[in-house]
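See structure below.
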Amino acid sequence: MNNPLLNKLVLGTVELGLPYGLNNQSGQPSLKESFSILDTAFSNGINTFDTAFSYGHAEDILGEWIKSRNLKNKIKIISKLKPHVLNNYTDGIKAEYIIKKEITKSLKRLNLDQLDGYLLHSPFYIYLDHVVNGLKKSKSNGLIKNFGVSIYDETEALYAASLPVDYIQIPYNIFDQRLDHTNFFSLAKKNNITVFARSPFLQGLLLIPLKKIPSHLNHAKPILKELNEYLNRYNISPLIASLAFTLKNPSLNYIVFGNNTISEIKENLLVATNIPPLPNDFFSFIKTKFSETEKTIITPSLWKTPKKK
């Protein structure tokens, strides 16, 4: 399918391996449902899938699907190193061995001979030369085609963009525009680094109705209300706004999105291929109003749920 916006989409698979997402009403999909979600993505032109060791059984599910559909040489898989697995290995040779071992285990689970990409899931590892060299070695050995890092903040992103990495995955959405205030995108372009933007829906926060916002996120209601009032004025759904804002950003090479159900992925694909004309002030409004959203809203790890009594 030759749609330039659809071609930017990468299917994330954390939802297939774990119960995930603020707006998740259906829980973790069954294996059959997972296969149907993957089938729908692939049949609609998506050939790149993002996964990780830490996404529960996501790698195993992908591997079963790849084998059953004979897709070994027809798709691209990006996975990530087990978090903190190198904490006790400061020696370069040992780190190189562990990286190779973890990649090999991922390849076995995925029924593949080579990964398109392999990312550090613990972003502080990007500062360690022996870790980066271990990834380079696995690339030169043909286990992976590209390597890089999944980052969480501006400092990590800027440092990674100064290195000879291939891929950097960043959080980016209507509320999280932190990297627009840095020279990250120009640096990544200069160094031929492919940028993957994850969390276009901010784990569902951008899509959930105001009345369903959990109490521990009440502090997000004022800006969500402001966004919804603007969108309602022009009859734009939060889904259209979220996808349009990321897909139409030329600095983002790919958008990693996830789904819990077949109906969700069908809706997302339909919207991505049929984004309607937007108001002239759409992008300027969002960039003006939400460019500096507080960190406790844009960082899911800071969403503190109430303690159970």
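Would you look at the GNM of the chain, springs on alpha carbons closer than 10 Å, and say which of Asp91, Asp166, Asp176 moves the most?
Taking springs between Cα atoms under 10 Å, the residue moving most is Asp91.
Taking the DSSP beta bridges in region 90-177 as the whole, what percent of them are antiparallel, to the nearest 5?
Within region 90-177, antiparallel bridges account for around 0 percent of the total.
Compute the long axis of helix 129-140 from its Cα atoms, compare it with the longest principal axis of the Cα atoms of the chain, and write down the angle in degrees, 0 to 90, nearest 10.
On a 0 to 90 degree scale, this one is about 80.
Report the extension gain between Thr90 and Tyr234 in nm, rounded to one decimal, defined as 0.36 nm multiplied by the number of residues separating them, less their alpha carbon distance.
Residue separation times 0.36 nm, minus the Cα-Cα distance, leaves 46.3 nm.
State the extension gain, in nm to one decimal, for the chain segment bounded by Lys295 and Ser140, taking 0.36 nm per residue of separation less the distance between their alpha-carbons.
Difference between extended and current length: 51.9 nm.
Mind giving me the FRET efficiency for Thr182 and Lys105? R0 is 45 Å, r the Cβ-Cβ distance, nearest 0.05 is fine.
Step by step, r from the Cβ atoms, then E = 0.80.
Which ³J(HN,Hα) values, rounded to whole Hz and listed in residue order, are derived for region 39-52 from phi using the Karplus coefficients 6.51, -1.76 and 1.60 in 6.51 cos²θ - 1.76 cosθ + 1.60 with θ = phi - 60°, glycine and proline given as x?
So the Karplus estimates, Gly and Pro as x, are 4, 5, 4, 5, 5, 9, x, 7, 10, 10, 10, 9, 9, 5 Hz.
From zero outward in steps of 10 Å, how is the percent of C-alpha pairs of region 6-302 spread across the bins?
For region 6-302, the binned pair fractions read 6, 28, 35, 24, 7, 1 percent.
By how many degrees, 0 to 90 and rounded to 10, does the Cα axis of helix 221-233 deviate from the longest principal axis of the chain?
Between the helix axis and the principal axis of the chain, the angle is about 70 degrees.
Could you state the principal axis extents of the C-alpha atoms in region 35-183, from the largest down, to the nearest angstrom?
41, 40, 25
Could you check the simple spin-label distance between Ile262 and Ser284, using points 7 Å along Cα→Cβ, in nm with one decimal?
Here the answer is 4.5 nm between the modelled labels.
So for the pair Lys189, Lys74, with labels modelled 7 Å out along Cα→Cβ, what separation do we get in nm?
Computed distance between label sites Lys189 and Lys74 equals 3.6 nm.
Around Asn146, which amide H atoms from residues at least 5 apart in sequence, or from another chain, sit under 5 Å from its own amide H, with H modelled in the peptide plane?
Amide H neighbours of Asn146: Gly117, Tyr118.
In debye, nearest 20, what is the charge dipole magnitude of the chain about its Cα centre with +1 on Lys and Arg Cβ and -1 on Asp and Glu Cβ, if you could check?
The calculation lands at about 440 debye.
Which listed residue (Ala58, Ile168, Ile240) has the Cα farthest towards the positive end of the charge dipole for the chain, taking +1 on Lys and Arg C-beta and -1 on Asp and Glu C-beta about the Cα centre?
Ala58
The numbers here are math on the coordinates, done by the rules we state, and not lab data. Worth saying up front: this structure is predicted, and the values here are computed from it rather than measured. Methodologically, a virtual Cβ is constructed for each residue, glycine included, from the backbone with ideal geometry; neighbour enumeration extends over all protein chains shown.
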